[in-house]
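Quick notes on the structure that follows.
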Amino acid sequence: MDEKIPPGRETSLQQATVQEELPRESPAPDQEPSRTVPRLNTSPLHGLWALTKRDLKKWYTNPYQLLISLIQPAVWLGLFGKAVNFGSFISAGGGSPAQQNAILLGIFGTTSYFSFLACGMLAFIILFTSAFSGMSVVFDRRFGFLNKALSTPVGRGTVVTAKVLQSVARSLIQSAIVLGIAVALGMDTSQITVLGVLGSFVLLFLMAMGLSSLFVMLALRSSNWQTQMAIINLLNLPLLFASNALFPTKLMPAWLRDVVKVNPVSYANDGVRQLLLGAIGANSLFVDFAYLIGFASLFSIVGIVLSWRLLSK
Amino acid sequence: MSRQENVLFPELSRPIIIVDKLSKTFNDGKIKAVDNVGFEVKEGEIFGFLGPNGAGKTTTINMLTTLLKPSSGNAEVCGYDIRKHSNEVRRAVGVVPQEYTADEEMTGYDNIILCADLYGLPRSDSKKHADELLGLVELHDAARRKVSTYSGGMRRRLELACGLINYPKLLFLDEPTLGLDVQTRAAVWKYIRMLKEQYRMTLFLTTHYMEEADTLCDRIAIIDHGHIVKTGTPEELKASVGGDVITVTVKEREPDLSPEIAQIGLVKDVKKNDGAYRIKAELGEETTPQIMDLIRSKGLHVTKISLAKPTLDEAYLEFTGRELREEETDRMQMFSQRLTMRRARS
């Protein structure tokens with residue numbers, strides 16, 4: 001500070017009067033809290049891990065939450081996937097099995113609609129988990145935890161990144177469970193390879209990263225959970241329906257196809273189907289990966305930059 | 001640095017907080033929450049910010065702990081510029097906010113460990129330190145329970161322990177006893193005094209409870225409408241409203257000694273009616289014997305004598321005015337304050 005306030009301007013008198021009760025500089029007190037401060041770990045990863053772990057621990061120690069979040073895709077897979085089997089329209093239309101398979105391949109890129117839908121469900125669960133990542137920011141703000149975190153040396157970017165990471169971790173674990181359910185319900189596993197599964201989860205990771213960043217970003221300034229719910233509902237279903245998660249792009253009207261083309265969910269589905277089912281994709285795997293890498297990097301960076309601006313008033 | 005050295009060589013030890021023309025406006029300058037505030041806090045003292053709700057106490061704390069950016073002006077905390085070195089400030093100070101910030105779904109112990117992690121304490125140290133602090137605030141037995149089962153007093157003590165986790169030299173306490181019962185309030189006061197006396201900590205606290213400021217603080221700043229209206233020790237503030245009142249009753253027929261009493265150095269005002277002197281004076285304890293001596297030296301008799309000290313309440317009302325406050329607060333602030341009160345009483 002440039003301008004010094006003259007010390008002791010109005011205080012010399014009371015200093016003299018309270019002198020007696022004042023402690024001397026030495027000897028060193030024997031109480032523990034006055035010990036010398038230990039060497040601090042100033043790496044941002046230290047705080048990042050602590051914050052991520054906090055949210056994850058609250059999640060896995062509350063099995064009801066996990067169970068409820070798995071019921072929805074299980075219902076979609078078990079009921080929607082089995083009942084509304086678009087593939088059966090084609091088999092019901094007659095023709096030889098070879099002709100039917102050719103039509104199915106042409107529309108879905110694979111011969112089993114259920115397997116097609118199962119891959120879509122992996123992205124579906126990630127979309128819905130990511131959408132709610134912003135909610136925990138709102139609640140942390142409301143219940144004061146956010147302010148506490150911000151009054152510690154942990155960076156604002158770290159606080160936001162931790163929220164994104166916990167959502168990504170939850171998304172991936174849940175989609176792995178959904179994959180297990182899908183296989184149990186009869187998903188085509190003839191083409192599955194270890195590399196394919198790993199590649200799929202890299203794609204899903206990228207999508208989760210981008211979507212979680214987006215929803216956390218939208219919650220940075222909000223202290224009202226109703227508004228946040230409205231935002232989630234506003235974005236969730238369009239992102240799901242205007243994608244190839246449930247229905248093939250080929251049968252959509254042209255204007256919708258253009259929307260689907262920018263929706264990152266479509267790229268994740270496209271890649272995952274190629275990797276898990278050996279399906280014929282709309283894009284090459286390279287394009288799918290490149291698009292999602294771009295999406296994830298862009299939104300994570302924007303999220304961190306916004307957190308610097310929006311989390312300090 | 002001991003206070004004595006401060007007096008003799010004020011330039012040797014810099015105050016731990018130096019605030020210079022600090023202001024904060026909200027809504028594009030329409031609301032001036034803190035307006036051109038300047039004060040200093042010396043190392044080792046308990047400094048109290050006293051003021052009605054909405055006076056700007058929390059806004060000032062939030063700026064000093066780098067949660068809010070000042071609109072203008074600056075401050076130095078623990079030797080660091082709050083604008084340029086906010087990370088160093090955060091590392092050096094402890095903060096106990098007004099709200100309860102602990103995570104309800106976690107145990108008290110896990111909450112403290114989380115705080116330790118956020119400050120970057122190595123795990124080898126944080127476990128030991130967390131145990132010490134839980135012992136300090138007498139929460140050892142409840143440490144492994146979820147915070148949602150805690151009473152208001154236990155939550156407040158946990159917040160205090162969290163605020164101490166980074167070995168701060170300076171601790172900020174925002175309304176540390178808001179909504180607490182008398183016993184818990186006494187316990188919190190005990191901890192605050194212990195931190196000052198045994199751990200040589202400097203404490204900056206805000207309160208709107210008069211007796212809290214009076215019993216705890218070495219110095220008080222009264223803040224109202226974003227301005228500091230008065231700074232001083234509790235005694236000085238009380239004295240500034242007119243000093244002590246000494247009432248001396250004498251036998252009725254005795255001559256009036258008012259002019260002689262008024263000659264005594266510390267006496268400010270003397271009135272006599274119905275055989276009783278009503279004397280306003282500074283330092284009543286010292287003035288009273290002098291008055292006694294004076295009356296006796298004239299061969300007269302005192303039948304009754306009483307000394308009344310002015311309360312801080314009077315000083316406070318003198319400086320902040322008596323009109324009731326219809327302050328405007330935003331929804332979020334109201335919610336958080338109500339939540340704090342509710343949890344404090346749970």
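Being hydrophobic (A, V, I, L, M, F, W, C) and more than 19 Å from A:Lys148 (Cβ to Cβ) is the filter here, so list the residues in the stretch B:137-157 that pass it. Matches in the stretch B:137-157: B:Ala142 only.
Can we say B:Gly299 is closer than 30 Å to B:Ile222 by Cα, free of Cβ contacts under 8 Å to residues at least 12 places away in the same chain and surrounded by fewer than 15 Cβ atoms within 10 Å (Cβ to Cβ)? In short, no.
Mind telling me which of the residues B:Gly54, B:Gly38, B:Gly29, B:Gly48 ends up being assigned by TED's automatic domain parsing to the domain that holds B:Ile192, under 27 Å from B:Leu216 (Cα atoms) and assigned to a loop (DSSP other than H, G, I, E, B)? Selected residue: B:Gly54, the only one of B:Gly54, B:Gly38, B:Gly29, B:Gly48 that is assigned by TED's automatic domain parsing to the domain that holds B:Ile192, under 27 Å from B:Leu216 (Cα atoms) and assigned to a loop (DSSP other than H, G, I, E, B).
Would you mention how many residues in the stretch A:276-301 are loosely packed, with under 14 Cβ neighbours inside 10 Å, within 20 Å of the chain's Cα centre (by Cα) and over 18 Å from A:Ala123 (Cα atoms)? Of the residues in the stretch A:276-301, 2 are loosely packed, with under 14 Cβ neighbours inside 10 Å, within 20 Å of the chain's Cα centre (by Cα) and over 18 Å from A:Ala123 (Cα atoms). The helices (runs of 4 or more DSSP H) found entirely in the stretch A:82-146 that carry 3 or more residues being at pLDDT 80 or above are A:97-108, A:113-131, A:133-142.
Any residue that is in a helix (DSSP H, G or I), within 30 Å of A:Pro38 (Cα to Cα), away from every other protein chain (no Cβ under 13 Å) and not hydrophobic (A, V, I, L, M, F, W, C) - is there at least one of those in the stretch B:158-177? No, there is no match, as no residue in the stretch B:158-177 is in a helix (DSSP H, G or I), within 30 Å of A:Pro38 (Cα to Cα), away from every other protein chain (no Cβ under 13 Å) and not hydrophobic (A, V, I, L, M, F, W, C). Counting only strands (runs of 3 or more DSSP E) wholly contained in the stretch B:197-288, the ones carrying 1 or more residues that are in contact with a Gly (Cβ under 9 Å, 6 or more places away or on another chain), modelled with pLDDT under 85 and not hydroxyl-bearing (Ser, Thr, Tyr) occupy B:244-250, B:267-273, B:276-281. One residue stands out in the stretch B:67-83 among those that are part of a loop (DSSP other than H, G, I, E, B) and within 10 Å of chain A (Cβ to nearest Cβ): the one that is nearest to B:Ile18 (Cα to Cα), namely B:Ile82.
Just one of the listed residues (B:Gly243, B:Gly226) is in contact with a Pro (Cβ under 9 Å, 6 or more places away or on another chain) and not aliphatic (A, V, I, L, M), and it is B:Gly243.
Does the stretch B:113-129 include one or more residues that are crowded, with 21+ Cβ neighbours inside 10 Å, more than 16 Å from the chain's Cα centre (by Cα), more than 23 Å from A:Asn41 (Cα to Cα) and facing chain A (nearest Cβ under 7 Å)? For the stretch B:113-129, residues crowded, with 21+ Cβ neighbours inside 10 Å, more than 16 Å from the chain's Cα centre (by Cα), more than 23 Å from A:Asn41 (Cα to Cα) and facing chain A (nearest Cβ under 7 Å): absent. May I ask you to say which residue of B:Asp117, B:Asp110, B:Asp131 is touching a His at 6+ places or on another chain (Cβ under 7 Å) and in a helix (DSSP H, G or I)? The match here is B:Asp117. I'm trying to understand the selection: among the residues of the stretch A:46-67, which are within 10 Å of chain B (Cβ to nearest Cβ) and loosely packed, with under 13 Cβ neighbours inside 10 Å? A:Thr61, A:Asn62 - these are the residues of the stretch A:46-67 that are within 10 Å of chain B (Cβ to nearest Cβ) and loosely packed, with under 13 Cβ neighbours inside 10 Å.
The values are calculated or read from the model by the stated rules, or taken from the named source; none is laboratory data. Since we're looking at a predicted model, the values are computed, not measured. Heads up, the Cβs are rebuilt from the backbone with ideal geometry, glycines too, and the neighbour counts pull from every protein chain shown.
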